[in-house]
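The values are calculated or read from the model by the stated rules, or taken from the named source; none is laboratory data. Quick caveat, the model's predicted, so the values are computed rather than measured. Using ideal geometry, Cβ is built from the backbone for each residue, glycine included, and neighbour counts are taken over all protein chains shown.
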Amino acid sequence: MTSAALTPLIEIKNLYRTFKSGESDVDVLKGINLTIMPGEFVAIVGASGSGKSTLMNLLGCLDRPTKGQYLFNGTDVALLDNDELAALRREAFGFVFQSYNLLSGESARGNVEVPAVYAGLCRTERHQRAEELLSRLGLSDRMDHKPNQLSGGQQQRVSIARALMNGGQVILADEPTGALDSQTGEEVMKLFADLSSQGHTLILITHDPKVAAHADRIIEISDGVITQDPKSVMKVSVSVTVKAPAQLNAKPGNFFAHLAEAMRMSLSALTSNLFRTVLTLLGIVIGVASVITMLAIGDGARQSIVDRISSMGSNLLLVRPGGPNQRGWGATTLIPEDAIAVGELQGVDAAIPEQGGTVTLRAAERDHRTEVLATSAEYSDFRNWPVSSGTFFSQEDELRFASVAVLGQTAANAVFPEQDPVGQYVMVDNVLFLVIGVMSPRGASPFGRDEDDVIIVPFESGGVRLLGRRHLRTMTVAVEEQADIFQVQHSVHDLLLSRHGVEDFQIRNMESIIQSVTETQNTMTILLGSIAAISLLVGGIGVMNIMLVSVTERTREIGVRMATGARTSNILQQFLTEAVLVSALGGVLGVLMGLGVTSLLDRLGTDVVFSPFPVILAFGCAFLTGLIFGYLPARKAARLDPVVALSTD
């Protein structure tokens, strides 16, 4: 006898297993004492409800006893943590279940490889080992078949091959022939006899005396008590070496190898229920696409407004009549002499007076209602608004009260639709003006008004001949480039205050206007992004919901993986990987959809801004959504009790 055979492989002392049934406790196992030596072929026989399956779960470290001692190869199993128990199941035990418990989404080869995955064996070695086992069991032509493509006997052979994948030092078989016909059952029992002859320790759980007769030692159990147990059968040699728990690697492989396998298994699980996966993806895709599109539209609107305001010139001061407590444009506190005085201040390039009203244009029996702007000759230059044809009026035109005008594009098209307006006469109310130029297109103002629907005339001509007043609607002050705009603003304020005696005016600089508009638009962009983020949140809740359903549906699969050696972290990693994979895939598709919709809107004329930040933000949120909302279902899966998971229908 070898020295290994002298030490009991399994030694149970006064073992109890108690379950709660309502308010009372039920003892399923009552003081079990049992010793099994290495290499034995043992059959545990008993009627249904006798406790034999509970005993098998305890022997295979799928369950823990209520009290008593279980020594495996001399080590007290109660001292092992969850990872060490997983290592013991992975490298010392092989399970053969009555219902086979094969993973439906994996091929025969894939099912056999499961224990080796958690043992950290590389992919090539796993394939080779699985193919050798399946060929040895007569399944060389069925390696790529799914469980539903195999007969019951073939599925049980796959289950046996899986039990042997990591060596199968101890094989625990629970009613292995219960779902098979008599002929197939005999073939399976012959396989067990061959394995026993090779030195494997076999523990067979059955209620059938004929099946038990194949064993070398038959132990009878009834009502949780062993009623008959012959002495252990000592074998002269044991060819299968049984490691002590301290010799097992509780954390085989490396993180990245397990992650790669988790991703492969996750893809297999997701594609097995493709329609549900697509529906789950949909929430993430819509959320990500919404965030990207909304932020692009918000940024585009902000940029468009800022560009339009900036196009007027960033070194401008806008002076309007009416004090801080006055509202509207009806105040008449600014006069042309104020503009002349301001224009003489240090740092001021020009002070451009403006007044306006509404007039009717008439030419060739065409009437058009538009706005008239009376201003100075410097208006075009300092407002960055050049003419597209003809010329702008000059200071000489102002001094001689010339009846000349420049039309905006909209006004020009309205009264001279099919001819060049330059050189033509137009009746402005009842005054005849000569059109000397047409302004370049400007579009809508930041406030939505069509800036091209205007006729521009010299200040004095407009005030005397058209508007009948001299007070200013506004005054634009152009500041020299090298001057400090805030210092000039202070000087203008002091000058007007000294001239008027009271603060009956308001001054704004373009920089503050741009800043104010930008802040307002940023708020709108955040609002749009927040609304879009809600859909992303809903998508995340959908991921969590689907993952919880998945955990419930795959509880037995989780039990099988735990029985074959999966640690808590392996289960957590797999389900968390599935959730993150769904979210990441949804994030990628959402980014593509968001960019596509944004590009379409851009082609249709909507102002949008492409920038990497919304893309990174949306994808990052999708990834975190999978991580956060997938954690709870993954943790639930990882915390399942193996024996409870295996018993779930």
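The residue of segment 187-217 that is farthest from SER53 (Cα to Cα), among those that are acidic (Asp, Glu) and more than 53 Å from the chain's Cα centre (by Cα), is ASP216. Inspect segment 391-403 for any residue being over 20 Å from PRO353 (Cα atoms) and without any contact (Cβ under 8 Å) to a residue 24 or more places away in the chain and give the result as yes or no. No - not one qualifying residue is present in segment 391-403.
So that you can scan it fast, the table gives a plain yes or no per residue for (1) modelled with pLDDT of 80 or more; (2) acidic (Asp, Glu); (3) assigned by TED's automatic domain parsing to the domain that holds LEU71:
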position: PHE255; (1), (2), (3): no, no, no
position: GLU261; (1), (2), (3): no, yes, no
position: PHE275; (1), (2), (3): yes, no, no
position: ILE284; (1), (2), (3): yes, no, no
position: VAL288; (1), (2), (3): yes, no, no
position: VAL291; (1), (2), (3): yes, no, no
position: ILE297; (1), (2), (3): yes, no, no
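Scan segment 170-181 and tell me whether some residue there is surrounded by fewer than 20 Cβ atoms within 10 Å (Cβ to Cβ), free of Cβ contacts under 8 Å to residues at least 60 places away in the same chain and of a type in the set (Asp, Glu). Looking for residues that are surrounded by fewer than 20 Cβ atoms within 10 Å (Cβ to Cβ), free of Cβ contacts under 8 Å to residues at least 60 places away in the same chain and of a type in the set (Asp, Glu), one finds at least one in segment 170-181, hence yes. Here GLN198 meets each of (1) closer than 30 Å to ALA119 by Cβ; (2) at pLDDT 90 or above with one exception, condition (2).
Being surrounded by fewer than 20 Cβ atoms within 10 Å (Cβ to Cβ), charged (D, E, K, R) and free of Cβ contacts under 8 Å to residues at least 12 places away in the same chain is the requirement here; does GLU132 meet it? Before the answer, list the steps.
Numbers: surrounded by fewer than 20 Cβ atoms within 10 Å (Cβ to Cβ): yes; charged (D, E, K, R): yes; free of Cβ contacts under 8 Å to residues at least 12 places away in the same chain: yes.
When the stated conditions are applied, GLU132 passes them.
Number of residues in segment 407-423 that are under 15 Å from VAL387 (Cβ atoms) and among the charged types (D, E, K, R) equals 1. Taking the condition outside any helix (DSSP H, G or I) and of a type in the set (Asp, Glu), does ASP602 pass? Taking the combined requirement at face value, the residue does not satisfy it. Only one entry of GLY605, GLY559, GLY565, GLY626 meets the criterion of being surrounded by 17 or more Cβ atoms within 10 Å (Cβ to Cβ), farther than 30 Å from VAL170 by Cβ and of a type outside the set (Val, Ile, Thr), and that entry is GLY626.
Screening segment 41-136 for strands (runs of 3 or more DSSP E) wholly inside it with 1 or more residues that are at pLDDT 90 or above and charged (D, E, K, R) returns the ranges 67-72.
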